[in-house]
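Data block below; observations after.
The values are calculated or read from the model by the stated rules, or taken from the named source; none is laboratory data. No experiment lies behind these values; they were computed from the predicted model shown. We place every Cβ from the backbone using ideal geometry, glycine too, and count neighbours over all the protein chains shown.
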Amino acid sequence: MQKYEDNLAANSSGALRPLSGASIVVTDMVTGLSASLYLDNGATPLAQPLISDNDGYFGFYAADGKYLLTFTGPRFAEFVREIVLEDPLDDPYATVAQLAAPSGASLVRHGENSVGDVLDQVLQELEDLDSGLSYVLPKATAAVLGGIRLGSNLSADADGVVTAGVANGAIVSKLLSAATAVRTHTFPDKDGTVAMTSDIVGGAMFLLGSADITAAVASVNFLNVYGSGYSSYLIKLYEFAPASAAAALVFAHAVTGAEVATASFQISTTVAPAFGAVATIEIDNTVGNWKVAHVKGAIKTAAGSLTNLNSYWPVDIAGVLTGFTLTFTSRQVGAGKVRVYGIKN
């Protein structure tokens, strides 16, 4: 229970004078009924309406809550005032640990000088800035956001993230993914502009595709791995080996997502299952009238036996290359890794 008291005054001939004899009716704004008032802390009932004394003073005790005061009198027009009473002794302030708990939002109340009013002020300042800023509220207050006026340029989500809308050409978005419960984004501790991959010009190399073979397959297919914006490609093989029997390594170009039978090359001698090939295949002029594949590397045919690979395979085929296939004459790829890189124009 909390005490409320005030002194009423009116401007008369340029001076403030006590407003005595004013009638004050106190209404509970939750129930809409006449409030229960007391002369002291809940012991002696106080009848309504209240009447201001010769000094314009009136006062009362009432339970914590929100009230509407209606003032009437013969010397002034009727007016009203909303007040909120809250006695900290009735409901001690929540601790940081309590607010941080999952149920902490229920402890946050919107009243005079409360967390809600402070949030209102902060949100209003954000709206006034009108600069596309994002302000993150503690999750403990997320539940009361529905009762706070956010303004036309602000919005809030269930996580308590309040975001300014489109302003001055800036759009703010939250770094979260619906498919991922928690995602951490780490940024360098330095000033600068974040670059997109499209900002990087000639000479840069990008990983376009990869495959790790751990069980036997007939072939490794990258029929649509190439893309516009790249001038050439590197295909890296790491201990690429047949499954059970020694066989020769076969490479074939692909156009519009399909292997070209007339552009298939046996690019190595026999490769043993236990060892495999380590090589790089360079693909040039993929959009021109004729294309070139340069193979360099080595294969291991037996313990202590290595064979160099260094050959060129030019081909004249119509269409733009979109990818390739890799296999062995045995049609059984058993192990190895493949990495495909594109080099920017």
- Query: List pairs: first in the stretch 70-81 and free of Cβ contacts under 8 Å to residues at least 24 places away in the same chain, second of a type in the set (A, V, I, L, M) and surrounded by 10 or more Cβ atoms within 10 Å (Cβ to Cβ), Cβ under 8 Å, 6+ apart or cross-chain?
  - Reply: Val80/Leu68; Val80/Leu69; Arg81/Leu68; Arg81/Leu69
- Message: Looking only at the stretch 199-239, count every residue that is of a type in the set (Asp, Glu) and assigned by TED's automatic domain parsing to the domain that holds Thr280 and tell me the total.
- Response: 2
- Message: Among the residues of the stretch 271-290, what is the count of those that are touching an Asp or Glu at 6+ places or on another chain (Cβ under 7 Å) and either among the polar types (S, T, N, Q) or surrounded by 15 or more Cβ atoms within 10 Å (Cβ to Cβ) (or both)?
- Response: 3
- Failed condition for Ser268, given (1) closer than 12 Å to Glu239 by Cα; (2) of a type outside the set (Lys, Arg); (3) crowded, with 18+ Cβ neighbours inside 10 Å, with all others met? (1)
- Task: Name every residue in the stretch 288-321 that is in a strand (DSSP E or B) and either in contact with a His (Cβ under 9 Å, 6 or more places away or on another chain) or not assigned by TED's automatic domain parsing to the domain that holds Tyr226 (or both), in order of residue number.
- Result: Lys291, Ala293, Asn310, Ser311, Tyr312, Trp313, Val315, Leu321
